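First up is the structure itself, then whatever we jot down about it.
Any read-out appearing in this document is the output of simple, stated calculations on the displayed coordinates, not a laboratory observation. Since the structure is predicted, the reported quantities are computational estimates derived from the model, not experimental observations. Cβ placement follows ideal geometry from the backbone for every residue including glycine, while neighbour counts extend to all protein chains displayed.
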Amino acid sequence: MFLFITLSLAASLALLFGATEIERRAIVGRYTGVNGAAILITFVVSFVGSLVVVALATIWGGWIYLFHLLPMTVLYHFFMGVFLVHGLQKTSERVALEDQAARRQMAAA
C-alpha cells in the first residue's frame with residue numbers, strides 16, 4: 001500500500017511541476033493565449049486521480065485510509081496550488097517589470 005501511495009504522489013508531483021514549467025515558459029516567452037489552462041487542467045486531473053487513489057486505498061486497506069488520505073489529499077492540493085501559483089505570479093510580475101523598464105528605455109531614447 002505504501003508503494004502505491006508513494007508512486008501516485010510522485011506521479012502527481014511530476015504532473016504539477018511539469019504544468020508549472022509549461023506555464024512558466026509561456027510567461028517568460030511572453031506567449032499570449034490560454035494562460036493558466038495547463039495548470040488548471042493538471043490540478044483537476046491530479047485531484048481526481050488522488051480521489052481514485054483514496055478510493056482504492058480504502059477498498060484495499062480499510063476505512064482508516066479514507067480518514068487519513070482524504071484530508072491529506074485536499075491539503076496537499078491546496079498548498080501545492082498556493083505555492084505553485086504564487087511562484088507563477090512572481091514570475092509574471094518580474095516579466096512585467098522587465099517589459100515596463102524596456103518601454104521606459106525606448107521612450108527615453
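Taking M1 as meeting all but one of (1) touching a residue at least 40 places away in the same chain (Cβ under 8 Å); (2) surrounded by 13 or more Cβ atoms within 10 Å (Cβ to Cβ), write down the number of the exception.
Here M1 meets the rest and fails (2).
Can you pull out the residues in region 86-109 that are in contact with a helix residue (DSSP H, G or I) (Cβ under 7 Å, 6 or more places away or on another chain) and not small (G, A, S)?
The answer is L88, T91, V95.
Kindly check whether there is at least one residue in region 96-109 that is surrounded by 13 or more Cβ atoms within 10 Å (Cβ to Cβ) and part of a helix (DSSP H, G or I).
Looking through region 96-109, none of the residues is surrounded by 13 or more Cβ atoms within 10 Å (Cβ to Cβ) and part of a helix (DSSP H, G or I).
Confirm whether A14 is surrounded by fewer than 13 Cβ atoms within 10 Å (Cβ to Cβ), in a helix (DSSP H, G or I) and aliphatic (A, V, I, L, M).
Yes: the conditions hold for A14.
With V34, V52 as the choices, which residue is of a type in the set (V, I, T), assigned to a loop (DSSP other than H, G, I, E, B) and either out of contact with any helix residue (DSSP H, G or I) (no Cβ under 7 Å at 6 or more places or on another chain) or closer than 28 Å to Q89 by Cα (or both)?
After applying the criteria, what remains is V34.
Select from region 58-82 the residues that are under 21 Å from L40 (Cα atoms) and without any contact (Cβ under 8 Å) to a residue 12 or more places away in the chain and list them in ascending order.
The answer is P71, M72, V74, L75, F78, F79, V82.
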